[in-house]
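This report refers to the structure that appears directly beneath it.
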Amino acid sequence: MKTIDELLSEGVAGKRVFVRADLNVPLDGTTITDDGRIRAVLPTVKALADAGARVVVASHLGRPKGAPDPAFSLAPAAARLGELLGADVAFATDTVGESAASTVAGLADGQVAVVENLRFNAGETSKDDAERGAFADQLAALADVYVGDGFGAVHRKHASVFDLPARLPHYAGYLIATEVGVLRKLTDDVKRPYVVALGGAKVSDKLAVIDQLLGKADRILIGGGMAYTFLKAKGYEIGSSLVQEDQVPVVQEYLERAEKSGVELVLPVDTLVADEFPDMKAKAPGNPENVAADAIPAGKMGLDIGPETRKLYASKLADAATVFWNGPMGVFEHPDYAEGTKAVAQALLDSPGFTVVGGGDSAAAVRTLGFDEQAFGHISTGGGASLEYLEGKTLPGLAALED
Ligand SMILES: Nc1ncnc2c1ncn2[C@@H]1O[C@H](COP(=O)(O)OP(=O)(O)O)[C@@H](O)[C@H]1O
Ligand SMILES: O=C(OP(=O)(O)O)[C@H](O)COP(=O)(O)O
């Protein structure tokens, strides 16, 4: 993989450099609640701008449906990037249309532009190679060189991640180089006990990685929105909790395999429930109730692990030599449901081992709940990406950067 340092030594002054970043930051309306992913790409953008490149930054944000949707505009991220760079950042109101073309044409050497959300275009995420390729052709017209630095999206076979680098000279940015450098250590030489804690809301993506993790980890702790598919697989009532119904038989098979192979697959023993998903705007306390994991009342929704589970998970992390944690244990954005995530973050800090936190929301949780991010071994900007990397999978966005 050629890195950005090689590109810089070849010289980039006057060249249009397309930086595929992951600016998929959490938003409250148009306010960015955690700018970690923007900070993470700054070294790459700054180095290119300082070297006189005309930098075109592109990213997805959220999961819009292949058409423009103002709720998912990258405009707030572009503004924040400008603040952090201490420079004007131009913003194109489309991704490959007239605004993008004129914005990029108007860049002087050393200037930076952001184009609108890649996923406003159906070609970005299409499963059809030709449709993705056609969109990648349009993106390629905006630049002379490609720098891949959106680590959080390298597990996606999307046009800007996979097809575009094949069309331009391509290099890995500093963030991707750093992330791969750290995660490689967890695949090459993992110290045991190796404990993986999984939570969050992207349930189907994360259930898929457990298949491989069962052959690698010593203990897997399940929390967050993931947990209820497991509780359902055990035959328990889960009320209106998040569930991936079609995966219940697969999860039953995981539970059997774990039992046979001696891997500890640990499920919550209690959970906080409420009548409905909390109103994030009204941070006023709701009415959560703690119930045993096998006694969720019909109609109630599980929103965090309970106090007994917090203690149990802390004990399972206490002797870990390596910990990988992806996915909040509950709806941490609301104070009523933040304790499970706080407890697991604290248990990572208390554990003697090397601790890795992965994922946009997990990293944001660590920061917004007041933990010192320097105290963790590594905070990865990608959850799904780091999990799939640890699974040993070939990631499309990394393969595309190989020569
Ligand atoms: N029990 C739950 N029910 C619904 N959503 C949950 C639950 N627990 C956690 N979440 C949500 O999961 C989201 C993060 O999930 P995810 O995107 O998978 O994590 P990451 O970005 O760290 O990979 C958070 O917004 C959080 O509110
Ligand atoms: O937030 C992301 O991933 P993560 O939640 O696994 O950390 C990335 O920006 C990828 O987004 P996607 O899961 O919508 O493809």
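Worth a mention:
- Residue check, Lys342 among the basic types (Lys, Arg), over 16 Å from the mean Cα position of the chain (by Cα) and within 16 Å of ligand 2 (Cβ to nearest atom): no
- Among the residues of region 115-169, just one is within 16 Å of ligand 1 (Cβ to nearest atom) and of a type in the set (Phe, Trp, Tyr), namely Phe151.
- Of the helices (runs of 4 or more DSSP H) entirely within region 173-255, those holding at least 2 residues that are away from ligand 1 (no atom under 11 Å from the Cβ) and over 27 Å from Thr355 (Cβ atoms) occupy 227-233.
- Residues in region 330-342 that are crowded, with 23+ Cβ neighbours inside 10 Å and closer than 23 Å to Pro193 by Cβ: Gly340, Thr341.
- Among (1) at pLDDT 95 or above; (2) open to solvent by less than 70 Å² (accessible area, probe 1.4 Å); (3) away from ligand 2 (no atom under 16 Å from the Cβ) - the single one Leu198 does not satisfy: (3)
- For Lys232, the requirement of being among the basic types (Lys, Arg), open to solvent by 10 Å² or more (accessible area, probe 1.4 Å) and either touching a residue at least 40 places away in the same chain (Cβ under 8 Å) or in contact with a His (Cβ under 8 Å, 6 or more places away or on another chain) (or both) is not met.
- Condition check for Gly377: away from ligand 2 (no atom under 15 Å from the Cβ), closer than 21 Å to Arg219 by Cα, modelled with pLDDT under 95 and touching a Lys or Arg at 6+ places or on another chain (Cβ under 9 Å): no
- Note on region 286-403: enclosed strands (runs of 3 or more DSSP E) holding 2 or more residues that are free of Cβ contacts under 8 Å to residues at least 40 places away in the same chain and not charged (D, E, K, R) are 289-292, 354-358.
- The residues of region 346-359 that are crowded, with 24+ Cβ neighbours inside 10 Å and small (Gly, Ala, Ser), listed by number, are Ala347, Gly358, Gly359.
- Those strands (runs of 3 or more DSSP E) of region 30-146 in which at least 1 residues are open to solvent by less than 50 Å² (accessible area, probe 1.4 Å), touching a Phe, Trp or Tyr at 6+ places or on another chain (Cβ under 9 Å) and farther than 30 Å from Ala365 by Cβ, considering only elements entirely within it, cover 54-58, 112-115.
For (1) touching a His at 6+ places or on another chain (Cβ under 6 Å); (2) exposed (fewer than 15 other Cβ atoms within 10 Å of the Cβ), each residue gets a yes or a no:
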site: Ala172; (1), (2): no, no
site: Val182; (1), (2): yes, no
site: Leu221; (1), (2): no, no
site: Ala227; (1), (2): no, no
site: Gln244; (1), (2): no, no
site: Gln252; (1), (2): no, no
site: Glu259; (1), (2): no, yes
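The values are calculated or read from the model by the stated rules, or taken from the named source; none is laboratory data. All of these numbers come straight from a predicted model, not from anything done at the bench. As a convention, Cβ positions derive from the backbone with ideal geometry for all residues, glycine included, and neighbour counts pool all protein chains shown. Keep in mind that these areas ignore ligands, DNA and RNA; they rest on the heavy atoms of the full protein, side chains included. Shrake-Rupley method; radii C 1.70, N 1.55, O 1.52, S 1.80 Å.
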